[in-house]
Each structure stands twice: as structure tokens, then as C-alpha cells.
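Here is the structure we will look at, set down as C-alpha cells.
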Amino acid sequence: MNFDIKRLLERGRAIFADFTAGQKTVTALVVVGLIVGGYLFSGWASKPSYAPLFSNLAASDASAITDKLNAAKEPYKLADGGGTIMVPQKDVYQLRLDMAKANLPTGGVSGFSLLDKGGITTSQFQQNVEYQQAIEGELTKTIEAIDGVSAAVVHVVLPNNDVFSSDASKPTASVLVTTDPSKPLGAGQVQAIVHLVASSVEGLDPSNVTVADSQGNILSVAGDDGQLVGASSIQSQQTSLYEQRVSTAVQNLLQPLVGAGHVIVQTNATLNFDSQETTSENYVQPSPGTTPIPLSETKSVETYSGTNPSSTGILGPDNIAVPAPSTSASPGTYYNGTSTTDNAIGRVVQQVKTAPGAVQHMSVAVLLDSTAAAKVNTADVQKLVENAAGIVTSRGDSVQVSTMPFDQTAAKAAQQEIAAAKKSKDMNKLVGYGKDGLIGFVVLGAIFFFMRKAKKARESSPILGMAERLELEEARQMRALLAAQQDEVVRELVPGPRGHDRLELGRPAIDSEIGELVERQPEEVAQLLRGWLADRRPS
């Protein structure tokens with residue numbers, strides 16, 4: 001099917017010319033809106049999506065990175081006061097590799113890279129200063145890696161090594177940290193900072209490290225290695241958690257008896273955090289009727305026997321024995337025996353290490369509302385609390401249960417406020433529903449009004465548009481031509497005035513019938529004409 005562009009344009013102009021002033025305005029606004037929306041959408045679609053390249057940059061690092069990006073003609077944007085550099089998302093990883101190749105970012109501190117700049121003309125004093133700055137820079141980067149530390153400054157004092165000095169001073173260090181207000185440093189983190197600094201500097205004792213925050217609060221004082229501060233905080237937390245656990249258990253036990261809000265439990269516990277190690281040695285006696293196992297045994301036996309008299313006498317002068325008086329012969333016997341036996345004895349050696357955190361003493365106070373606990377036996381409650389809290393009377397634990405009237409003024413006021421807030425919320429919800437309904441009603445009314453107005457305008461407006469009028473005029477001309485041809489046929493068939501009279505008499509009837517049909521069914525007639533014209537158009 002061939003399209004006639006010129007005819008289509010003329011038809012479009014004719015249709016637009018047939019619009020009312022309001023329709024023309026709305027059409028123009030729609031066209032302008034489509035053009036502007038398309039332009040904005042194309043601009044948004046062609047605009048690259050930016051992602052952070054680096055965040056929390058020092059001013060020196062940000063300057064160096066932006067110089068590199070400008071040299072490479074890479075687009076970028078600065079955010080967070082210049083601390084964050086945004087680049088197109090598709091180039092983030094490649095740019096990070098390029099910056100790493102250029103040793104960027106440096107973290108704002110040089111670290112041991114300072115020692116790479118030394119030359120043969122560097123003095124000993126300059127080398128010492130650069131070494132000290134390098135240690136401070138490395139410690140700064142290490143501490144900033146801790147969660148909750150946004151910035152850190154480390155100062156280390158390294159005394160001069162004097163061989164002939166017996167009282168040489170020891171190195172010291174101070175650390176200033178800037179923390180996130182929503183995440184303050186804990187005692188364990190402060191202790192970690194102290195020991196990181198002490199372990200990184202030769203000869204630095206943890207007791208010579210001071211840690212402070214940007215608000216001027218001392219987190220670790222010189223002379224304290226941080227262990228006591230950390231241990232004290234941890235012990236306090238463990239004690240608080242234990243007391244809270246016992247109080248919660250007792251309160252959950254008593255609430256079904258007196259109701260929520262009618263019982264208060266307070267626990268005070270003393271925990272022993274001393275680490276103890278006990279070694280005991282016990283000896284076990286052998287069982288009766290058993291032969292002990294000897295560990296060592298020594299025996300010495302000496303015997304002598306005979307019948308000859310002993311040759312004995314008294315030495316005289318010049319060592320000559322003087323014969324002793326004779327005696328009768330008697331048998332001679334001699335025995336000398338020694339025996340030592342060390343038997344094995346059973347021995348048990350036991351070594352016990354006691355973990356810290358044992359309960360030394362605990363006291364529990366329970367306060368019941370007398371109005372709600374009127375029928376509750378306090379003696380039974382006390383026994384329940386002793387069993388629930390694990391009270392040991394031998395170590396001095398105690399439980400006190402008392403009943404007193406509670407002041408319900410604040411609770412009632414709170415309930416009234418809650419009820420008022422709920423009522424206000426419900427009212428706001430109803431008002432919101434009413435507003436939505438009113439808006440919907442107004443919108444529906446406006447739609448109905450404009451539809452009715454358009455219907456009336458359509459009824460009062462001409463039936464056919466300008467283009468349709470042209471087509472109708474063309475149809476009328478065609479009908480006139482057909483009528484002329486019909487006249488000729490009639491004249492040929494009925495010659496004379498009779499045929500002319502019949503034609504003249506029939507034409508008004510046909511014209512009136514067509515007019516009535518157009519008035520009664522204008523839309524059907526217009527549709528019929530459109531069909532005729534469509535059939536007549538060349539394909």
C-alpha cells in the first residue's frame with residue numbers, strides 16, 4: 001500500500017485545525033513534555049554512574065590523586081569535603097591499580113618510605129630523625145586500621161644511647177586518636193593500642209605509653225600498662241552481666257505471680273577474678289595384708305664361730321706378751337647384722353587451677369507491690385528466689401523480700417499518653433483516609449464533569465470534522481453526477497415531459513430521505529461515507 005505523505009500532512013493539519021483551543025493547548029503541552037522528557041532521559045542515560053575511588057583521604061593524597069586523574073583526563077568528582085574522590089564506576093578498579101602503581105594513597109604519612117630518600121650526605125642526626133618519623137608514620141597507619149579510629153597521631157621519644165651512662169632514660173610514646181562519636185573505643189581496644197606501640201619500639205615499656213582522644217579524655221595514663229584499665233573494665237562488664245542475668249531470671253519467675261510492673265529485683269554480686277593454682281600431694285598407705293614393694297634395701301651380716309681359746313695376754317715391756325692365766329676352753333661365737341629397707345608408699349599429686357570469675361558473695365533484694373501481692377506468701381517467694389538465684393548461705397549470701405505499695409502515678413500517666421497517642425494515630429489515619437476519599441471523589445467528579453461537558457460539546461458541534469466535510473462534499477458531487485446520469489437514463493427510457501416530471505418529482509423525496517437519515521443517524525452515515533471513500537482510494 002502506497003503512502004501519500006502530502007495527503008497525510010494535509011489530513012493532519014485539517015484534524016489539528018478542527019481541534020478546539022483547549023485541545024490544541026493540551027496537545028502542544030503533551031508534545032513539549034515528550035520532547036523535554038526525552039531530552040532529560042537521554043541526558044540521564046548517557047551520564048556515567050560514579051563510585052568512590054578512595055575515601056577518608058588526607059589532603060596530600062587527594063591532591064596527588066587528582067593530579068594523576070587530570071593528567072590522564074579522567075572525569076572525577078570530590079565529595080566529603082575533598083576526602084572522597086568519585087570516578088566513573090566502570091573505571092574504578094583500573095584506576096585503583098594505576099594509583100597503586102604510583103604508590104597512592106600513602107595514608108597521609110610516609111612511614112619507612114622516608115628512609116628511601118637518604119643519601120651519602122645524610123648526617124647521623126638526620127638519619128635518627130627520619131627513623132623516628134618513619135616509626136611514627138607506620139604506627140599511625142597501624143592504629144588507624146583499628147575499627148572506630150578515624151585518625152591518629154603518634155609521638156615517640158627515643159633517648160640517645162649513651163654507653164657510659166648507667167641511668168639512661170627510657171623511650172616513651174603518646175598517642176592521640178580521633179574516634180567515631182557513635183563507636184567509642186573500648187578498654188580492650190585501648191589496651192591493644194598501648195601494646196602495639198610498646199611492641200613496635202625497642203625498649204618501650206607499656207607503662208610509658210599515654211593514649212588520649214581528641215576530646216582531651218585520657219584513655220591510658222603513663223605508668224599504667226593498660227592491663228589494669230582493661231581488666232577493670234572487663235571485670236565490671238562481667239559483674240554487671242551476671243547481676244543482670246540473675247535479676248532477669250528472678251523477675252521472670254515472679255512476674256506471673258504479681259504481674260508485670262509490680263516487682264523490682266536488684267542483685268549485688270562480688271566476683272573473684274584472682275587466678276589461683278593449687279598443688280596438693282597425698283600419701284596412700286598400703287592395703288592391709290599386702291606386701292609392700294621395696295624401693296631400696298641394704299643388708300650387712302658378720303658371723304664368727306670356733307672352739308680354740310683365744311690367744312690373749314697382756315703386753316709387757318718391750319712389747320712382749322705376758323702369758324695370761326689359763327682358762328678353760330669354750331666355744332666362740334660372733335654375729336653382727338645390719339638391714340635397711342625402703343618400702344614404696346603411694347603418693348597422689350594434684351594440681352588445680354581455678355578460673356577467675358567465681359562468686360564470692362551475692363545479695364538479692366526483691367520488692368513487691370503490696371496491692372498486687374496481697375495473697376502472696378513472702379516466705380515462699382524467698383525460697384523461690386534462693387533457688388532461682390543460686391543462693392549459698394555458707395558463703396554469706398542473703399535474700400530480702402519486702403512488700404510496699406507502688407506509686408502508679410507515672411504508670412497511669414504513661415498509659416494515658418499511650419492511649420492518647422494511639423487515639424491520635426487512629427484519628428490521623430482516619431483523616432488520611434478521608435483526605436484520600438475526598439481527593440478521589442474530586443477527581444471522579446472532575447472526570448465526570450469534563451466527560452459530560454465533552455459530550456455536550458460533541459452534541460452541539462458539527463457532526464463531521466473538516467476533513468470529513470471535504471469527503472462528504474466530494475460524495476455529494478459524486479451523487480450529483482450519478483443523479484445527472486440517472487436523468488439521462490430516465491429521459492432515454494421515458495421520452496418527453498413525463499420522464500422529466502417523474503425525475504423532478506422523485507429527487508426531492510430522495511433528498512429529504514437522505515437529510516432525515518443524516519439527522520437521525522449521523523455517526524452511521526459518517527461511517528458509511530468513510531467506508532465508501534476507503535473503497536474508492538487507490539491501493
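Which of the trypsin sites (Lys or Arg not before Pro) found in the stretch 19-75 are loop residues per DSSP with 11 or fewer other Cβ atoms within 10 Å of their Cβ? All intermediate terms of the calculation are to be shown ahead of the outcome.
Numbers: sites: 24, 68, 73; in loops: 73.
Sparse-neighbourhood loop trypsin sites (Lys or Arg not before Pro): 73.
Quick check on packing: order 6-14, 378-386 by the mean number of other C-beta atoms within 10 Å, highest mean leading. Walk me through the numbers on the way to the answer.
Working: 6-14: 11.4, 378-386: 15.9.
Result, highest mean first: 378-386, 6-14.
Can you compute the FRET efficiency between residue 218 and residue 56 using 1/(1 + (r/R0)^6), with r the Cβ-Cβ distance and R0 = 30 Å? Round to the nearest 0.05.
Numbers: r = 26 Å, r/R0 = 0.86.
The computed FRET efficiency comes out at 0.70.
Mind ranking 262, 155 by accessible surface for me, highest first, 1.4 Å probe? Provide the component values of the computation, followed by the final result.
Values: 262 45, 155 100 Å².
Sorted descending by solvent-accessible area, the residues read 155, 262.
Using only the heavy atoms of the protein chains and a 1.4 Å probe, how would 375, 422 rank by accessible area, largest first? Mind showing how you got there, number by number?
Numbers: 375 205, 422 135 Å².
Of 375, 422, the descending order of accessible area is 375, 422.
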Highest-first arrangement of 26-32, 269-275, where packing means the average Cβ count within 10 Å | 269-275, 26-32
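When ranked by the protection proxy of mean other Cβ atoms within 10 Å per residue, highest first, what sequence do the peptides 276-286, 364-374, 92-102 form?
364-374, 92-102, 276-286
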With the charge dipole of the stretch 344-398 built from beta-carbon charges (+1 for Lys and Arg, -1 for Asp and Glu) about the Cα centre, the Cα from 374, 364, 351 projecting farthest to the positive end belongs to 351
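The values are calculated or read from the model by the stated rules, or taken from the named source; none is laboratory data. Quick caveat: nothing in here was measured; it's all calculated off a predicted structure. In this analysis, Cβ positions are derived from the backbone assuming ideal geometry, glycine residues included, and neighbour counts consider all displayed protein chains. Just the protein is used for accessible areas: all its heavy atoms, side chains included, with ligands, DNA and RNA removed. Shrake-Rupley method; radii C 1.70, N 1.55, O 1.52, S 1.80 Å.
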